[in-house]
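Have a look at the structure below, then the notes.
The values are calculated or read from the model by the stated rules, or taken from the named source; none is laboratory data. None of the values given here were measured: they were computed from a predicted structure. As a convention, Cβ positions derive from the backbone with ideal geometry for all residues, glycine included, and neighbour counts pool all protein chains shown.
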Amino acid sequence: MRLSRYFLPVLKEDPKEAQIVSHRYMLRAGMIKQQAAGIYSWLPLGLRVLNRIQQIVNEEQIRAGHIPVLMPTMQPADLWRESGRYDDYGAEMLRIKDRHERDMLFGPTNEEMITDIFRAHVNSYKDLPLTLYQIQWKFRDETRPRFGVMRGREFLMKDGYNFDVDKASALHAYNRHMVSYLRTYERMGLTAIPMRADSGPIGGDDTHEFLVLANTGESEVFYDDRVTALKLGDREVDFDNRDEVLGVCKEFTTLYARTDETHDAALFEQIPDQHRKVGRGIEVGQIFYFGTKYSEAMGATVVTKDGNKVPVEMGSHGIGVSRLLGAIIEASHDEKGIIWPEGVTPFPVGIVNLKQGDAATDAACAELEKALLKQGLEPLYDDRDERAGAKFATMDLIGLPWRITVGPRGLANGVVELTSRRSGESEELTAEAAVAKLVGIYAAHR
Ligand code: 5CA
């Protein structure tokens with residue numbers, strides 16, 4: 001992509017409505033535009049990151065054996081009357097009447113609808129276990145939408161639902177989600193800590209939230225700081241092996257880590273002083289086990305091996321896909337702008353041409369662009385007729401993790417400059433060596 005032809009409406013001034021750094025940078029970098037309170041358009045750069053995040057979520061769900069579906073955003077109220085939540089959900093639910101005066105709503109979550117799909121098509125233990133998930137827009141008429149995509153009214157969520165024949169199998173599904181989420185967030189360059197939480201309007205007795213530590217987070221968190229050092233890494237987990245999956249969950253949930261909703265002061269005091277921490281966190285996901293809450297109310301049953309008809313065991317599992325952009329920026333930025341982790345960056349590398357219009361420099365940039373494209377690394381090439389300082393400032397603001405700077409002086413010596421956004425360090429090397437180095441770096445992320 002050439003910047004001269006792209007749509008990157010960068011703002012020079014800090015937008016005054018933005019109270020936190022991620023919101024400020026998303027507006028300044030031309031990633032989103034607000035259309036109403038808590039409702040945003042996704043501009044090209046923001047959409048690229050949103051798509052990367054969705055891709056990672058999809059890959060990790062499929063790795064865990066979960067199956068994608070897509071349900072509508074609009075739902076009939078009658079489904080929610082069956083579960084009893086139509087009255088319970090309150091003012092957060094956006095209620096709409098169609099032209100026939102039928103009660104509809106913009107879905108805030110999909111337990112009822114997925115249960116309806118299940119009961120229409122599945123009735124035997126032989127078809128279980130089954131986990132269906134989607135990535136779809138949700139609407140919650142939040143009292144205080146704020147911080148940009150962090151607390152939106154319309155927001156993108158991955159919501160997954162497991163169906164199992166008994167409680168032990170459903171708890172395995174819960175654990176499987178926990179492990180798949182750990183890997184999902186790590187691939188995005190995040191440390192997200194599973195914390196025991198409260199189940200709120202979804203219901204049920206087992207639930208964990210995943211929190212990214214950040215002082216702008218909306219939740220107060222209490223934890224043993226040794227949890228922040230735990231990493232799943234690229235170890236292979238057999239998602240069908242219940243003991244192995246449970247083992248990973250135990251590894252990540254044994255140290256104390258809770259939100260204020262479930263905080264236990266007595267337990268907390270037992271943590272050694274130097275590891276006992278109170279902080280704030282951004283909730284980027286939550287998993288729930290709620291058993292037969294919805295299946296019983298809505299008549300979703302299966303026949304077991306012994307021929308008994310039982311309500312199916314369920315849980316639901318969410319990831320805040322659009323919120324993740326905010327969380328990643330809160331966790332990874334400096335005073336110049338965003339620093340995207342390689343896993344989610346909108347472009348893997350930027351090219352800065354220091355002397356636009358100079359035939360040799362233009363040709364070297366075009367050739368570099370071609371070589372990168374050939375390796376599947378689409379660069380954002382700043383080919384505008386601008387000062388070097390302005391080009392660097394744009395690159396720093398939009399946060400591509402790598403930049404290649406091409407100028408006549410370097411070319412005279414046969415080199416370009418490769419700069420890391422994170423460390424600020426540069427090295428001079430041939431264009432071929434720069435491409436090879438980036439190929440190596442991104443091999444671990446794609
Ligand atoms: N049905 C369950 C799981 S599928 C559910 O709705 N869970 S939830 O309420 O915890 O939402 C899942 C995730 O969506 C949250 O962890 C959070 O990351 C994200 N989320 C929730 N509300 C908002 C919002 N107003 N703006 C942006 N993201 C949100």
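Of the residues G189, G217, which single one is within 13 Å of the ligand (Cβ to nearest atom), assigned by TED's automatic domain parsing to the domain that holds H333, farther than 30 Å from S83 by Cα and not aromatic (F, W, Y)? One residue alone meets the criteria, G217. When you look at I39, is it assigned by TED's automatic domain parsing to the domain that holds R176, within 16 Å of the chain's Cα centre (by Cα) and either β-branched (V, I, T) or surrounded by 18 or more Cβ atoms within 10 Å (Cβ to Cβ) (or both), yes or no? Against the criterion (assigned by TED's automatic domain parsing to the domain that holds R176, within 16 Å of the chain's Cα centre (by Cα) and either β-branched (V, I, T) or surrounded by 18 or more Cβ atoms within 10 Å (Cβ to Cβ) (or both)), I39 does not qualify. Hey, among E386, E432, which residue is without any contact (Cβ under 8 Å) to a residue 40 or more places away in the chain and either more than 18 Å from I339 (Cβ to Cβ) or assigned to a loop (DSSP other than H, G, I, E, B) (or both)? Of the residues listed, the single one that is without any contact (Cβ under 8 Å) to a residue 40 or more places away in the chain and either more than 18 Å from I339 (Cβ to Cβ) or assigned to a loop (DSSP other than H, G, I, E, B) (or both) is E386.
Check the stretch 395-405 and report whether any residue there is outside any strand (DSSP E or B), crowded, with 19+ Cβ neighbours inside 10 Å, on the phi > 0 side of the Ramachandran plot and touching a Gly at 6+ places or on another chain (Cβ under 8 Å). Yes - at least one qualifying residue is present in the stretch 395-405. When each of Y125, Y161 is tested for being touching a strand residue (DSSP E or B) at 6+ places or on another chain (Cβ under 6 Å) and near the ligand (Cβ under 8 Å from one of its atoms), the lone residue that passes is Y161.
Can you find, within the stretch 89-112, the residue that is surrounded by the fewest Cβ atoms within 10 Å (Cβ to Cβ) among those that are among the acidic types (D, E) and away from the ligand (no atom under 14 Å from the Cβ)? My answer is E101. With the requirement that a residue be outside any strand (DSSP E or B) and more than 6 Å from the ligand (Cβ to nearest atom), what does the stretch 146-158 give you? Once the filter is applied, which keeps residues that are outside any strand (DSSP E or B) and more than 6 Å from the ligand (Cβ to nearest atom), the stretch 146-158 yields F147, G148, V149, M150, R153. Would it be correct to say that I329 is within 16 Å of the ligand (Cβ to nearest atom) and either free of Cβ contacts under 8 Å to residues at least 24 places away in the same chain or among the β-branched types (V, I, T) (or both)? Spelling it out, I329 is indeed within 16 Å of the ligand (Cβ to nearest atom) and either free of Cβ contacts under 8 Å to residues at least 24 places away in the same chain or among the β-branched types (V, I, T) (or both). When residues in the stretch 77-88 are screened for being within 27 Å of I67 (Cα to Cα) and within 16 Å of the ligand (Cβ to nearest atom), 4 of them pass. Does G424 count as within 27 Å of K336 (Cα to Cα), without any contact (Cβ under 8 Å) to a residue 60 or more places away in the chain and surrounded by fewer than 16 Cβ atoms within 10 Å (Cβ to Cβ)? It is true that G424 is within 27 Å of K336 (Cα to Cα), without any contact (Cβ under 8 Å) to a residue 60 or more places away in the chain and surrounded by fewer than 16 Cβ atoms within 10 Å (Cβ to Cβ).
The criterion of at least 3 residues that are within 16 Å of the ligand (Cβ to nearest atom) and buried (at least 22 other Cβ atoms within 10 Å of the Cβ) is met by the following strands (runs of 3 or more DSSP E) wholly inside the stretch 225-322: 276-291, 313-320. Reported count of residues in the stretch 136-145, each being in contact with an Asp or Glu (Cβ under 9 Å, 6 or more places away or on another chain), more than 8 Å from the ligand (Cβ to nearest atom) and either modelled with pLDDT under 95 or more than 17 Å from S41 (Cα to Cα) (or both), is 2. Looking across V312, V406, V321, one residue alone is in the same structural domain as Q19 (by TED's automatic domain parsing), more than 27 Å from the chain's Cα centre (by Cα) and touching a residue at least 24 places away in the same chain (Cβ under 8 Å). It is V312.
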